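The values are calculated or read from the model by the stated rules, or taken from the named source; none is laboratory data. Here the structure is a predicted model, which means the values were calculated and not measured. Cβ placement follows ideal geometry from the backbone for every residue including glycine, while neighbour counts extend to all protein chains displayed. To get the accessible areas, we keep the full protein, side chains included, count just its heavy atoms, and leave off ligands, DNA and RNA. Shrake-Rupley method; radii C 1.70, N 1.55, O 1.52, S 1.80 Å.
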Amino acid sequence: MSGFIYSIVKVIVKTGLYGYHKKTTISGLENIPLDKPVMFLPNHQSALIDVLLIATDCNRKPYFLTRSDVFKGKFLKRVFNYFQMLPIYRMRDGRGTLSNNDAIFNSCAEILNRSEALLLFPEANHSLQRRVRPLSKGFTRILFRAFELYPDLDVQLIPVGFNYKNATHFPDEVSIYYGKSISAKRLFNAADLNSSSLTIKNKITSNLRQLTTHIPNEEQYDAINNRLINEKADFLNPIAINKKVKAYSKQHLGDSNEVVIPNLNTDFYKSVFSILNFPVVIVWRLWLKPKVPEDEFMGTFRFAFGLLSYPIYLLLLFILLSIFSTLSIALLITVVLTMINILLVKYALR
């Protein structure tokens, strides 16, 4: 029964992600071993959206390392445990809480020993900037604990590159690139943990920089990023983008590359979408959107709100129409409205 509920939730979330994104492309699923312990190591840009995109399509049922401050209350703890979420404690949670990570690391080692999958973000934070940030040693500590307890493990490291066109925008486009699996055992030297940690981090960093856009030049970051946007570069294609970045980095772009906002004829479609979904749109804009704490959470809050509120909106609309007309007409209008929304998201809205 529990597995059935998990599957139902997965289908609902996957359907919601389909309706939320204008375009989603996934590459490299064949690189994921199905019968070995796996650590998914993605770059981190869009908070929970990153997690959901992997969880619904990675062909595994991964455990997730999640910031501990969300594990509040018995009910939430039970929900998070059900969905295989494990708390990870940080300095900001209090120095005294860090000792709790020891038990979590042991749990992660046991998970890997069962040939299951872990998902954790090696950058240890999120950012909308199109670059791979320095990796934390946290994921290597978990890996080394697994080797300490189970020396014969062949843990496969899977770097994952997220590429958003504009992670704060709706509807957005995203591509996910799963890199080739890397045997951590071959890079591990029990006699020199520091060297092993550095070698593994450098290997993952190098791969991530190929799987997602990486603008290394901090001084020219804004100029390069804005030029890419103005040239309508395909951010879903990191290989092509990184070639452009390399070329631009050799030029002096100055401060002239401000983003030019084109005068697109999409206001009509936005107005149609807003009118058709007025209750949902107005609540989002006036109530929830102002409460989003950081831009990195914009997609997460918008998606979660839409996933919860849109079915309620359709149900209330169906009930209201059923009162003033027939059930068949109410059902027809509700279905047509849903189809129009999908078409607007996929083909009209920008």
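Key figures
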read-out	value
Segment 162-186, subset among the hydrophobic types (A, V, I, L, M, F, W, C), open to solvent by less than 50 Å² (accessible area, probe 1.4 Å) and over 21 Å from residue 63 (Cα atoms), residue modelled with the lowest pLDDT	167
Residue selected from segment 232-243 under the condition free of Cβ contacts under 8 Å to residues at least 24 places away in the same chain and open to solvent by 80 Å² or more (accessible area, probe 1.4 Å), by the criterion farthest from residue 165 (Cα to Cα)	243
Entirely in segment 43-127, the helices (runs of 4 or more DSSP H) that have 2 or more residues that are at pLDDT 75 or above and touching a His at 6+ places or on another chain (Cβ under 9 Å)	47-55
Long-range neighbours under 6 Å by Cβ, at least six apart or interchain, first residue open to solvent by 50 Å² or more (accessible area, probe 1.4 Å) within segment 196-217, second in a helix (DSSP H, G or I)	199/187
Checklist (1) modelled with pLDDT under 95; (2) surrounded by fewer than 16 Cβ atoms within 10 Å (Cβ to Cβ); (3) within 26 Å of the chain's Cα centre (by Cα) applied to residue 285, failing item	(1)
Verdict on residue 24 being open to solvent by 40 Å² or more (accessible area, probe 1.4 Å) and touching a Ser or Thr at 6+ places or on another chain (Cβ under 9 Å)	yes
Tally of residues being touching a residue at least 40 places away in the same chain (Cβ under 8 Å) and either under 24 Å from the mean Cα position of the chain (by Cα) or open to solvent by 40 Å² or more (accessible area, probe 1.4 Å) (or both) across segment 311-338	0
Pairs, first within 14 Å of residue 89 (Cα to Cα) and in contact (Cβ under 8 Å) with a residue 12 or more places away in the chain in segment 101-120, second charged (D, E, K, R) and assigned to a helix (DSSP H, G or I), C-beta under 6 Å, six or more apart	105/145
Scan of segment 6-21 for residues that are aromatic (Phe, Trp, Tyr) and in contact (Cβ under 8 Å) with a residue 40 or more places away in the chain, ordered by number	6, 20
Of all residues in segment 22-72 being on the phi > 0 side of the Ramachandran plot and touching a residue at least 60 places away in the same chain (Cβ under 8 Å), the one that is farthest from the chain's Cα centre (by Cα)	28
Any hit, segment 8-17, residues being of a type in the set (Ser, Thr, Tyr), assigned to a strand (DSSP E or B) and more than 16 Å from residue 119 (Cα to Cα)	no
Sole exception among (1) modelled with pLDDT of 90 or more; (2) out of contact with any Pro (no Cβ under 9 Å at 6 or more places or on another chain) for residue 159, by number	(2)
Cβ pairs under 9 Å, 6+ apart, first in segment 339-350 and closer than 10 Å to residue 273 by Cβ, second in a loop (DSSP other than H, G, I, E, B)	341/277; 344/171; 345/170; 345/171; 348/266; 349/170; 349/171; 349/266
